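Read-outs throughout are calculated quantities, based only on the coordinates presented, and are distinct from any laboratory measurement. As the structure is a prediction and not an experimental result, all values here were calculated from the model. Please note: Cβ atoms are built from the backbone with ideal geometry, for glycine as well, and neighbour counts cover all protein chains shown.
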Amino acid sequence: AYIYDSGGPNGTYADNENCSLLISPPCNEKIVLKFKSFSLESGFDYLKIYQGNSTSAPLIFNKSGNQIPDSLVITSDQALLIFTSDGSVRYSGFEIQYYTTSGHVTPSINFSISNTNPPLNAMVRCSN
């Protein structure tokens, strides 16, 4: 899924914005935010991201300017995004791709092959 400022994928955001978005997916432990574009008036318009559902949660991101940030992995199951802009000068804003991942470790298996040329569509069995 994608998150945009109020200007959407092709416009600019508005003056005097104070917008918030809570990402709270069911049954997931981590949220990944990947910045595709980022262009805010430096020193005046800000995107803040909290690791939790309120501004009392840890602030893990507080940026303005036009350098595309690195991806963020939020270890909480919720993230609060707050975007504010001043009363003048509008930029193209931001596009953020977000997705969730399970916090569980992917299981690994060790196996040995007894037949390196099995028939097509043959069942492969793993056992511990």
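Each Lys and Arg adds +1 at its Cβ and each Asp and Glu adds -1 at its Cβ; summed about the Cα centre, region 35-95 shows a dipole of about 0 debye. If the chain linking residue 99 and residue 32 were pulled fully straight, counting 0.36 nm for each residue of separation and taking away their Cα-Cα distance, it would gain 23.6 nm. Quick check: pseudo-label points 7 Å beyond the Cα along Cα→Cβ at residue 73 and residue 86, how many nm apart are they? So the two model labels end up 3.7 nm from each other. Hey, which aspartates and glutamates would be in cross-link range of residue 36, C-alpha to C-alpha under 13 Å, not counting anything within fewer than 8 residues on its own chain? Within the straight-line cut-off, residue 36 pairs with 5, 70, 95.
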